Each structure stands twice: as C-alpha cells, then as structure tokens.
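To keep things clear, I will list the structure first and then write my remarks on it.
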Amino acid sequence: MSFEIPIGPQHPALKEPISLRMTVEGEVITGVDIRLGYNHRGMEKLAEEKSWLQNIYVTERICGICSHSHATCYVQGVEKLMELAPPKRGLYIRYLVSELERIHSHLLWLGVAGHEAGFDSFFMYTWRDREVVMDLLEMISGNRVHYAINTLGGVRRDLDAGQIAKILEGIVTLRKRSEYYFYIGANEPSFVARIAGVGYLSKENALALCAVGPVARASGVARDVRKEDPYAVYGDLDFAIATADSCDVLGRVVVRVKELLESYKICEQILKSLPAGDIAVKAPRKAKPGEVVSRYEAPRGENIHYIKANGTDKPERLKVRAPTLANYPATVEMLRKGFIADIPLIFAAIDPCICCAERTVTLVSAGSGAESVVRMSDLRRRAIARHRNAPVKRNAVWPL
Amino acid sequence: MPDIEIVENLKRDLGEKALELSNPDVRRIFVKVALRDLVPAATILRDKYDCAYLATISGLDKGDVFEFIYHFASPVANINLRTECPRSEPRIASICAVIPGAVLYERELQEMFGVTVEGIPDPRRLNLPDDWPDGQFPLRKDWKHVRPEEVIPGGKP
C-alpha cells in the first residue's frame, strides 16, 4: 500500500516555500512531485517597471543567503550593456564580498548537514566560525545579510588598510578552525556512515537533468562558471574546481569543504593584489538597446540573468534563473528510492535553509485519508533513531 | 576552442538552419533558427558541442511575435539558440526528449506567455497559483496587474 506525504508549502527547507508530495511504500519513497509558486513574487514583471539602479535592490532581495550573487549577476550584465568599465579596485572588492559570501553560505550549510545527521557539535562549531565571516562582511558593508555594496560601475564602499589586515586575520583563523573541524569530521565514523550513500545522483543524471553547483560537482561534473566562463577578476586568480565522485551527501559535504579552502585562497589573493585607485565610475541613466547574458557562480551553482535593454532607463526584459530551480529535477531523482528518514538530510544537501525552523509535515494515509501531523524535529529524531542501530558502513571513508 | 572556430563549425553543421549567427562578446554566441529547426538544432548542439546543459529558456514578448532564447552552455562557450513564433499561433515543440532538464523552463513558458509547448511531458503550471484565471499570461507586455479590491469579511459595505 502506498501513501502520499505532502511536505510544505510552508517549508523553509528550500529557499522559496515549496510543496513536495512524496509517494511512499513503507519507508521507501517511490515518487516525488514538486509544486512551486507558493511564494511567487513576480519579480521579472516588477523589474520591467523599475529603473536600472532600482533593480539592483530588487535583485538583491531575490534571495536572503546569497543576496550578493543576484545583485552582482545583474550589475555585471548591465555594465556590459552600458559599456562601463568599472575600476579594478572596485571589481576586486566586489568579488571579495562574493567569496566571503560563499564562505558564510558553505559554513552555514555544513552546520546544517551536521545537525541533520545528528552531529550537533559539528553544527555548533561551524556556526561559531560563521560569525567570524559575518562580522567581516558587516565591517566591509555595514550589513550582515543585504550588503548593498554593488552599484552600476563599481562598488559603494572602499577598504582601508586596517580593514584589510582584519580580513586577512579573520581568514587565517577561519582556515585554522576549518581544518581542525574537518579533522574531527574525518574521525567521526558514525557521521561519515550516516551521510555516505544517501541521496544518490549518478553522473549521467546530473548531466541530463542540468544540475548545477556543488550538487553537480559532487557527481563528478566539473562545472564551475568561474573556470568555464571566467568573468571579471576570476581570470587572474589561481584556484581549483572542487569535485567528488561519490555522488551522495558525503560528496556534497566534501565539495563544499574543498570549496571553502579554495575561497580562503581566493580572498587572500584578492587582498594581496588589491590595486589602488577609484572604486566606481559614474553610470549613465539609460542603456542603449541591446541584450546580454550574464553568468555568475553563486554558492549553490550557476546563476544566469538575461537582460534586454530598449534604450530607456528601464529594462525591456530581465530573466532570472536561480541555481535552486535548476537543481529541482535532480532533487526529485535523489529522493526517489530514498527513505523517509533521509528526507531532511537530502533536503539539507541541496539547500541550507532547512535550519530556519522546525517544520510541520502531514502524513496522509492514501487508503483512509486520515492525517497525522508530525513536526520536523520528530522526523529528525526518527532519522537519528533509525540510524543509531544501523551497522557502521565499514568501507565509508572521509576522502579528505 | 576560440569563439571564431565555434562560429565556423556552427555555420558548417547548422547550414541553412542558422538564419543569423553572431558573436557579440567573448564566449557568447547567438544563433537564430526557424521554429521547425529548433529540436534538430538542439540535438546538434548537445551531440557535437558538449551542450548537454541548458541553463534556462528566456521568453520575450516582441509584439507580433514571441521570441524564445534557449541558453545552452558548454565548458568553452555559452551558445544561445533563438527562435520566434507568431503571436497569433503560439506553438513550439518541446525539447525535453533531447534535454530532460528543460521541463521546468518549458512549463514556465506555457503559463507566463500562453504558448503551447507540444509534446511536453508535464503540462501543469509551474509558478502560478491553482486558482489563477485561464487566459491570463503575466509576462506578456499587454498584461497589467490590477490589484483586486480588498473586501473585509463582515466589514461595512
């Protein structure tokens, strides 16, 4: 007998509230259906009525965690349309904030992964670390979440010598702590055994379903816009694409860990070669007719904006594709043949926002239609209980 | 592979299918094809240019015609396939048989522009609510949002 479990739409496990319907047989998920749009805000239509400058602040509010990503993707596209060349110092500061944002997003995600796997000390360690980078971002931009550092033609705030020293100091601390905590992760066999083999996504499926970001890279697809399409400063920087071949949640953890270490490297390179000069040039009010495709590697994957100008001070069309949307078909594939107890963990492996709240999941009996309501915390408790008695996977190793 | 080489190869492989070919920026290539050539062109891109990854599909309301841009990406370039269909007969073919990951973007085109994607495996709405009225397509230029008058239940008439 099969049951259908609706999860959401009030569910911050994914960035936007989303409704998932799982068909389960016993503990095994046999079918997944995703319904979007609970919180559809019509931003693409709204953008057609705002000026080029106002739209920076609209795009910044597409997402809370990677707010800088959308704004940067938009700004670098509009700068191409307006034929602006932002000063090098401005660009370096802009992409320094990008990398710091990637660090805070990945640290947040690692904590969530630890929490969902029942390893709460890992969660507390990484979240304590994250405060270091949040403080740095606050020092640079004045804000912890919406940095608002981008403007057309550059950035809005400069860095002084004291701030640079503080950021470098912070990165040294972060790197030391990260390495230490990852050592702890490697020496905790129950943690590795819990996440190994969960949420399998084969390389063929990752390619066919157009997965992006760490999800694709954990399945052995070396797809990173910073390397494939080196925008702005990334051509000058030395870094590697992090990949893993295990195609599961463990692989996604490893990819993000490696990316953290690469991001520390990038930040140091940017700060050490920060050129002198202006941080912004003046932007015109209107853009000539034209079109541009702007790509950007956000913490969760490729972000793509298609912008068309018609010669006025407003865009003709702004098409936004966020990385989470691209990963939905892959998510369906990962959940299929998984266990109910793994739902929180597989969710967490796609998107970090599951930390937001304790959620309500309704279990509906397909036969009788009777509903029973369980909280996300109970689901998590079940997951931990189920795996407490499971044999430790002897062959699962921490590949770092 | 430099852009110029990709453009030359595209000219050869697509032949008469390519109505326009331009390379406005580094690693940005725009190709225009007729509506009937959309699926064959996507197949060529996937098989010969390593473009198994479709980033998204952008729709555009240009008055008499709708324009659809399929943003493909390979490790070396971003190839954008452009096609047009008349507003009076909004029908395009689904490319899901070639790129299975395209289904979400095609569903979005259906609800936002009122275009019929023929052969789509899952024709439901993507973003709009269940009680959205039929025949309202928000991203068409002639569609304007009218805020419904607020009625307070039990309030004064």
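Please treat every number below as a calculation from the coordinates, not as lab data. Remember, predicted model here, so these are calculated numbers, not experimental data. In this analysis, Cβ positions are derived from the backbone assuming ideal geometry, glycine residues included, and neighbour counts consider all displayed protein chains.
Points to keep in mind about this one:
- Working from Cα pairs under 8 Å separated by at least six residues, relative contact order for chain A is 25 percent.
- Using C-alpha pairs under 8 Å with a sequence gap of at least 6, the mean separation divided by the residue count of the stretch B:16-71 gives a relative contact order of 20 percent.
- The stretch A:60-124, dipole about Cα centre (Lys/Arg Cβ +1, Asp/Glu Cβ -1), debye to the nearest 20: 300 debye
- Ellipsoid equivalent to the stretch B:3-118 - semi-axes via the Cα gyration tensor, in Å: 23, 15, 13
- Structure remark: mean-square fluctuation, Gaussian network model of chain A, C-alpha springs under 10 Å; the largest value among A:Lys80, A:Lys288, A:Lys337 belongs to A:Lys288.
- Once the Kirkwood radius over Cα pairs is known for the stretch B:109-157, the Stokes-Einstein relation at 25 °C and 0.890 mPa s delivers a diffusion coefficient of 184 µm²/s.
- Report summary: the helix-based calculation at 222 nm, which adds -39500 (n - 2.57) for every DSSP H run with n ≥ 4 and divides by the residues of chain B, gives -6500 deg cm²/dmol.
- Counting only other chain Cβ atoms within 10 Å of each residue's Cβ, the peptide B:128-136 averages 1.
- Fewest neighbouring Cβ atoms within 10 Å first, the residues B:Met1, B:Met112 line up as B:Met1, B:Met112.
- Interatomic Cα distance distribution for chain A, bins of 20 angstrom, percent: 27, 56, 17, 0
- Taking every C-alpha pair closer than 8 Å and separated by at least 6 residues, the mean separation divided by the residue count of the stretch A:21-118 gives a relative contact order of 15 percent.
- For the protein assembly as shown, a simple Cβ point-charge model (Lys and Arg +1, Asp and Glu -1, everything else neutral) yields a dipole of about 700 debye relative to the Cα centre.
- Amide H within-cut-off set for B:Thr116, under 5 Å, with H built and near neighbours excluded: B:Arg91, B:Ile92
- Ellipticity estimate at 222 nm from DSSP helix runs (n ≥ 4, -39,500 (n - 2.57)) divided over chain A, nearest 500: -15000 deg cm²/dmol
- Cβ crowding within 10 Å ranks A:Ile307, A:Ile140 as A:Ile140, A:Ile307, fewest other Cβ atoms first.
- Whole-Hz Karplus values for the stretch A:40-56 come out as 5, 10, x, 5, 5, 6, 4, 4, 6, 9, 10, 6, 4, 6, 4, 5, 4 Hz, taken residue by residue from phi with 6.51 cos²θ - 1.76 cosθ + 1.60 and θ = phi - 60°; glycine and proline positions read x.
- Counting all C-alpha pairs of the stretch A:118-195, share separated by more than 20 Å (%): 48 percent
- When the listed pairs A:Lys80/A:Lys282; A:Lys88/A:Lys258; A:Lys88/A:Lys272 are checked against a 20 Å cut-off, the alpha-carbon distance exceeds it for A:Lys88/A:Lys258.
- Flagged links, alpha-carbon separation over 21 Å, of A:Lys227/B:Lys11; A:Lys286/B:Lys144; A:Lys308/B:Lys32: A:Lys227/B:Lys11; A:Lys286/B:Lys144
- Spatially, the stretch A:34-84 and the stretch A:115-183 are offset by 24 Å when compared through their Cα centroids.
- Ascending count of other beta-carbon atoms within 10 Å, so fewest first, for A:Met22, A:Met124, A:Met43: A:Met124, A:Met43, A:Met22
- Here the Kirkwood formula puts the hydrodynamic radius of the stretch A:264-324 at 14.5 Å, using every distinct Cα pair.
- Considering only B:Pro75, B:Pro121, B:Pro133, the Gaussian network model of chain B with Cα springs below 10 Å gives its largest mean-square fluctuation to B:Pro133.
- Each Lys and Arg contributes +1 and each Asp and Glu -1, all at the Cβ; summed about the Cα centre of the stretch B:3-118, the dipole is approximately 100 debye.
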